[in-house]
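The block underneath contains the structure these notes are about, expressed in structure tokens.
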Amino acid sequence: MISEILLTEQDKIIKKKALDFVKSIPCSLLLDMDSEKIKYPKEFLKLAAQYDLLGLRFPEKYSGKGLGWASEVVALEEIGVLGTALACLYALVSNVGEAINVFGTKKINDWKKFRRFIKKKSPS
């Protein structure tokens, strides 16, 4: 657990968003995943995008937030209470995105389909 005293103001905002996001996840999603009614919970990622929690570490020119690893870890720590499967799914976006961001060509980095989930408005 990251100590509150080490968090920047931006990290505290990310933590609050992540906590609100976690609270919005219905228990039925976890139960449906356990019973294998849902194999890949894409709605989970869409909701994370609505809470503006995807692309935290990526440059703003690619619709990211331009934040550091600490902000991402703060979000992941909160999301981790949902269990390993959803925490790993949340982290997967960042891991794959990192490879694209660092090693991808300009054409791939500018591809709008990669950014469509990142550039969403937070729910009101």
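The values are calculated or read from the model by the stated rules, or taken from the named source; none is laboratory data. All values derive from a computational prediction rather than experimental measurement. In this analysis, Cβ positions are derived from the backbone assuming ideal geometry, glycine residues included, and neighbour counts consider all displayed protein chains.
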Could you say which residue among S28, S71 is among the hydroxyl-bearing types (S, T, Y), within 14 Å of the chain's Cα centre (by Cα) and part of a helix (DSSP H, G or I)? S71
Run S35 past the list (1) closer than 27 Å to K106 by Cα; (2) among the polar types (S, T, N, Q); (3) without any contact (Cβ under 8 Å) to a residue 12 or more places away in the chain and report the number of the one that doesn't hold. (1)
Could you list, in sequence order, the residues of region 1-28 that are more than 12 Å from V73 (Cβ to Cβ) and in contact with a Leu (Cβ under 8 Å, 6 or more places away or on another chain)? Q10, K17, F21, V22, S24, I25
If L56 meets every condition in (1) surrounded by 12 or more Cβ atoms within 10 Å (Cβ to Cβ); (2) out of contact with any helix residue (DSSP H, G or I) (no Cβ under 9 Å at 6 or more places or on another chain) apart from one, which number is that one? (2)
Kindly check whether there is at least one residue in region 82-97 that is loosely packed, with under 12 Cβ neighbours inside 10 Å, at negative phi and modelled with pLDDT under 90. yes
Which is modelled with pLDDT of 90 or more, under 16 Å from A91 (Cβ atoms) and either surrounded by 12 or more Cβ atoms within 10 Å (Cβ to Cβ) or among the small types (G, A, S) (or both), of I38, I14? I14
Kindly indicate whether any position in region 47-55 is part of a loop (DSSP other than H, G, I, E, B), over 24 Å from A99 (Cα atoms) and of a type in the set (S, T, Y). no
Listed by first then second residue, the pairs whose first member lies in region 13-30 and is more than 15 Å from K65 (Cβ to Cβ), whose partner is β-branched (V, I, T), with beta carbons under 8 Å and at least 6 positions apart or on separate chains, are V22/I79; V22/V81; L29/I38
If you check V81 against the conditions, is it part of a helix (DSSP H, G or I), touching a helix residue (DSSP H, G or I) at 6+ places or on another chain (Cβ under 7 Å) and in contact (Cβ under 8 Å) with a residue 40 or more places away in the chain? yes
Of the conditions (1) within 17 Å of the chain's Cα centre (by Cα); (2) closer than 24 Å to N101 by Cα; (3) loosely packed, with under 12 Cβ neighbours inside 10 Å; (4) not hydroxyl-bearing (S, T, Y), K23 clears all except one; give me its number. (2)
If we scan region 61-68, do we find a residue that is touching a residue at least 24 places away in the same chain (Cβ under 8 Å) and surrounded by fewer than 17 Cβ atoms within 10 Å (Cβ to Cβ)? no
